[in-house]
Amino acid sequence: MEKASLFFPLVILLIQCLPIVPVTVSTTTPKVEVHENSDAVLSCDFRTEKEQNPRIEWKKKGTDVSFVYYEGHFRGAFAGRARIKGATVTLQRVTQKDAGEYRCEITAPHDTITLGETNITLEVLVPPHTPSCEIPSSALTGSVVQLRCRDQQSIPPATYSWYKDDKPLTPSRMANATYHLNPITGILEFKTVARGDTGQYSCLASNKVGPPKMCEAKHMKIEDVNMAGVVAAVVVICLVIAICGFGGYYAHRNGYFSKHRGRSFWIPQCHGVAHISNQDLHRTKDKTNANYNPPPQDVSVFPQIFSVGVFMDGYDVHRKC
């Protein structure tokens, strides 16, 4: 009895110490790279502790998590172009929209740990497309000129090389080089372009996924600066400025820019003459005129009272005697 009483606690202890094997999920290819329009295999292997029919789910991560395989059926864009074997999924005719991170989830309700998962990244490779090239048709000697080349569709991103007259331009690292070529951005820059840089330019995009593509060659002509034309233009501008300045000075001297402008007049008065101008119509100055003779006092010759009226610039001036 004593041995039996010791045996049962030992069995219970051994059962508790036995290693528990929970559901485990793994993949043989955590990163899958395939060409566009080909099939992609997303492997998912699992092992459960007790569960014989675990639930298999596939999800795609992104801005929102979407179901790929759920309740025994493919969902959304994957319906009709995917198949599953075990937990491994094969996506057919993948495109750029299929690229991203996928998650395989295995749920085993009867296991001690009921959920296991693994992640797989799918990258869809795209061969180069014909790049867009920006090549100026002409430029002046001594100026800075940039030629641009870009292919926004290739994956991985393309690298670029430039050709002049069907001959490759090598990236120069010399300090006195007349141009700089960046194979990553596709920019060909001339620091001080010269007449010898005239020619046919084209750009080649490549990324080792497919055959490289080249844009159509374009002609760039480098012309000298027309010094005679520049000098003539400067002379004309100086003449125009001088004429405008002289005209303004002349107008100012003659009162064209003055607020009050007009002429002055001498009008006869009873005992002399008055000087009146439209700048001072309300002031009169009697001045003696040596050549002026006062009117005779004879009534027969002139009336005792006479009126002199002058109309100047809109003002009617009358003096009575």
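Nothing in this text is a laboratory measurement; each read-out follows from the coordinates by a stated rule. These numbers come from a predicted model, not from an experiment. Cβ placement follows ideal geometry from the backbone for every residue including glycine, while neighbour counts extend to all protein chains displayed.
The table below gives the values:
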{"quantity": "Contour excess over end-to-end distance, with Cα ends at residue 53 and residue 93 and 0.36 nm allotted per residue", "calculated": "11.4 nm"}
{"quantity": "Residues with amide H under 5 Å from that of residue 198, placed H, sequence gap 5 or more", "calculated": "222"}
{"quantity": "Peptide ranges 124-134, 31-41, 71-81 listed from the most packed, as the mean C-beta count within 10 angstrom indicates", "calculated": "124-134, 31-41, 71-81"}
{"quantity": "Inter-label distance for residue 153 and residue 246, nm, one decimal - labels placed 7 Å from Cα along Cα-to-Cβ", "calculated": "6.6"}
{"quantity": "Phi-based couplings in Hz for region 76-86 (Karplus 6.51, -1.76, 1.60; Gly and Pro marked x)", "calculated": "x, 5, 8, 5, x, 9, 8, 9, 10, 9, x"}
{"quantity": "Estimated FRET transfer efficiency (residue 195, residue 132; beta-carbon r; R0 35 Å; 0.05)", "calculated": "0.80"}
{"quantity": "Long-range amide H partners of residue 68 with built H, under 5 Å", "calculated": "58, 59, 60"}
{"quantity": "Spin-label model distance (nm) - residue 73 vs residue 61, 7 Å beyond Cα toward Cβ", "calculated": "2.8"}
{"quantity": "Most to least packed among 237-243, 135-141 [average Cβ atoms within 10 Å]", "calculated": "135-141, 237-243"}
{"quantity": "Relative compactness, region 75-131, computed as alpha-carbon Rg over 2.2 N^0.38 Å", "calculated": "1.52"}
{"quantity": "Cut-off under 5 Å, modelled amide H: who pairs with residue 169 long-range", "calculated": "162, 163, 164"}
{"quantity": "Cα-based radius of gyration of region 93-243 once divided by 2.2 N^0.38 Å, which approximates compact folds", "calculated": "1.78"}
{"quantity": "Rough spin-label spacing in nm, given labels placed 7 Å along Cα→Cβ, for residue 185 and residue 121", "calculated": "2.6"}
{"quantity": "Evaluated over region 95-176, the Cα radius of gyration and Dmax, each in Å", "calculated": "24.4, 80"}
{"quantity": "Filter on 61/85; 164/221; 59/85; 31/61; 191/218 - keep pairs with C-alpha separation over 18 Å", "calculated": "61/85; 191/218"}
